[in-house]
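Some notes on the structure that comes next.
The values are calculated or read from the model by the stated rules, or taken from the named source; none is laboratory data. Remember, predicted model here, so these are calculated numbers, not experimental data. Every residue, glycine among them, receives a Cβ derived from its backbone with ideal geometry; neighbour counts consider all protein chains shown. Accessible surface areas use protein heavy atoms only, side chains included; no ligands, DNA or RNA. Shrake-Rupley method; radii C 1.70, N 1.55, O 1.52, S 1.80 Å.
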Amino acid sequence: MSAEHHTVIIVGGGPAGLPLAVVLGGWHPFFRNSRMFAARYAPLAGYLQQFDRTLLGLDMRHLVQSGIKPVDLFRTLHHPRQLFEELDQVAMDFRCGEPLDALLISREPVGGLWNRAPQNLLTLSPGQWMEFAFYPLAQHAAEIGHSLDVNALILKTDLIEYYHRVPERFGVAERIRTFEEVERIEPHVRGFQLTSRHVQTGTEQRYTCKYLVLATGQRGRLRSLGVEGEDWPFVTSHYDKPADFPGERVMVVGGGRSGDWAATELHDAGKQVYYAMRQGPAVHWRLIGYSRHGLPYYQRMAAILESRSPRLNTLYHTHVTQIAEDGRVGLQTPEGDQVVEVDHVIKEIGGTADYSILQGLAPLTLTPMRDNYRFQVDQVQIHAHNYESIDVPNLYIGGYLAAGIGLVVIAMHGTTYAIAGDILQKEGRLSPSPSLV
Ligand SMILES: Cc1cc2nc3c(=O)[nH]c(=O)nc-3n(C[C@H](O)[C@H](O)[C@H](O)COP(=O)(O)OP(=O)(O)OC[C@H]3O[C@@H](n4cnc5c(N)ncnc54)[C@H](O)[C@@H]3O)c2cc1C
């Protein structure tokens, strides 16, 4: 089978991979001294003003040595303050130039895990924190004639509509292949060889590339319970809305944010919910306590639990041991073994970053990252100035999979500019800048 070659291949079309397709597609940032940026970051504005070429040409290595991470610089340029007031506050102007030959491959439509998030889910952060700097959410809303408070939490449906619009809006739709799962990434004389399979037709495809960006997200592979009966049709790991679950009795297995959302919404739709989780009440209530003042659905969950609603039966320190065809679920609880009969089982047990698709390459150095937001992922050690793996040259790590980017709930596509700049500089498309800091 002959392989299709591209200079860059991005694997994963979520909020981390999608903006790279646009920036490598030719949309480069230039400094624009916005009123708000100048007022808040005058010394930085003074330095950047000397630079009339694209910011992708900045000497990121020198920036890091001076104590400025690329992710922080571009976040500050994008959000000189956390509240959105006007389009002109973004201290970057994006101009369309020559594209680099880059292809994005993803097994879902663009927008990543947001495609499968529940229909009524609200974002955890203000809508505009989820936007790309080259396309403020307020601009998108104005263009489609939609009234949206971009400083509020927004609905998943509004967010995914925004992401879906990006490829056409920025002329990169031809460089994106969706519903293709990359099964293997191996070394090749031209750099990397990828083998993918179309998720609907099963057709296999081969690619080669010089640079590879891995942006497959924290849920590359969904976790399984590892128990008998997990494959019955009434067991699912996809929760969208209550109407998808006819009948009265639903078991939600989880205990994180996704499980909390499903359990709360199903309870309020009149279902009898059994909510089984491995953790104890102290750990669960830490998340609820932490979130109930900012997130409306956590206020609701706390109210349901505090009212001791008989329709939300929380089963702490509980393991599912078996699921029978007739809907009986075996549970191991601190009070002994129990059996609960239900119409549906919803698994909200998360996923893990999947590095197993990288084969025959040097092993990646991984660092576990855990935080109070229930953010759990083994991140890849990278060079701080370009997010290139320290182990595999020309392998770049996009989004939360890159170690050291911290929790970037604001501007989570923060790895975009340093990766794009590094590749363009290596390709001789940008001359290195004089050091500005
Ligand atoms: C329910 C939920 C709510 C969240 N809310 C917020 C929030 O409000 N604010 C916030 O900042 N973050 C939030 N997050 C964190 C979330 O991780 C980010 O919002 C964001 O989606 C991460 O972007 P990503 O591109 O790294 O990964 P993803 O969105 O997971 O995208 C990765 C894409 O790569 C694809 N892919 C994976 N493996 C392969 C393969 N082998 N071949 C081809 N394609 C592949 C996946 O199918 C997916 O489409 C939330 C997460 C969840 C689960």
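Before moving on, here are some points about what is shown:
- Residue 214 fulfils the conditions (1) more than 21 Å from the chain's Cα centre (by Cα); (2) within 21 Å of residue 353 (Cβ to Cβ) except for a single criterion, (1).
- Options 99, 80; residue that is open to solvent by less than 10 Å² (accessible area, probe 1.4 Å), away from the ligand (no atom under 16 Å from the Cβ) and assigned to a loop (DSSP other than H, G, I, E, B): 80
- Among the candidates 26, 57, 13, 67, residue that is open to solvent by less than 40 Å² (accessible area, probe 1.4 Å) and either on the phi > 0 side of the Ramachandran plot or of a type in the set (D, E, K, R) (or both): 26
- Whichever residue in the stretch 129-149 is open to solvent by less than 50 Å² (accessible area, probe 1.4 Å) and under 20 Å from residue 297 (Cβ atoms) and, among such residues, is farthest from the ligand (Cβ to nearest atom): 148
- Lone qualifier among 327, 247, 270, 259 - being at positive phi and open to solvent by less than 10 Å² (accessible area, probe 1.4 Å): 327
- Selection from the stretch 13-38 of residues that are touching a Leu at 6+ places or on another chain (Cβ under 9 Å), in a helix (DSSP H, G or I) and of a type in the set (A, V, I, L, M): 18, 20, 21, 23, 24
Quick grid of which residues meet (1) over 21 Å from residue 98 (Cα atoms); (2) modelled with pLDDT under 95; (3) among the acidic types (Asp, Glu):
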residue: 9; (1), (2), (3): no, no, no
residue: 19; (1), (2), (3): no, no, no
residue: 23; (1), (2), (3): no, no, no
residue: 28; (1), (2), (3): no, no, no
residue: 31; (1), (2), (3): no, no, no
residue: 40; (1), (2), (3): yes, no, no
residue: 43; (1), (2), (3): yes, yes, no
residue: 50; (1), (2), (3): yes, yes, no
residue: 53; (1), (2), (3): no, yes, no
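- Inter-residue pairs, beta-carbon under 6 Å, first over 18 Å from residue 241 (Cβ atoms) and modelled with pLDDT of 95 or more and in the stretch 252-281, second within 16 Å of the ligand (Cβ to nearest atom) and in a strand (DSSP E or B), 6+ apart: 253/347; 276/253
- Scan of the stretch 344-374 for residues that are under 17 Å from residue 404 (Cβ atoms) and acidic (Asp, Glu), ordered by number: 371
- Total residues in the stretch 287-337 satisfying the condition of being part of a loop (DSSP other than H, G, I, E, B) and without any contact (Cβ under 8 Å) to a residue 60 or more places away in the chain: the figure is 14.
- The stretch 283-298, residues that are closer than 17 Å to residue 314 by Cα and surrounded by fewer than 19 Cβ atoms within 10 Å (Cβ to Cβ): 283, 285, 286, 288, 289
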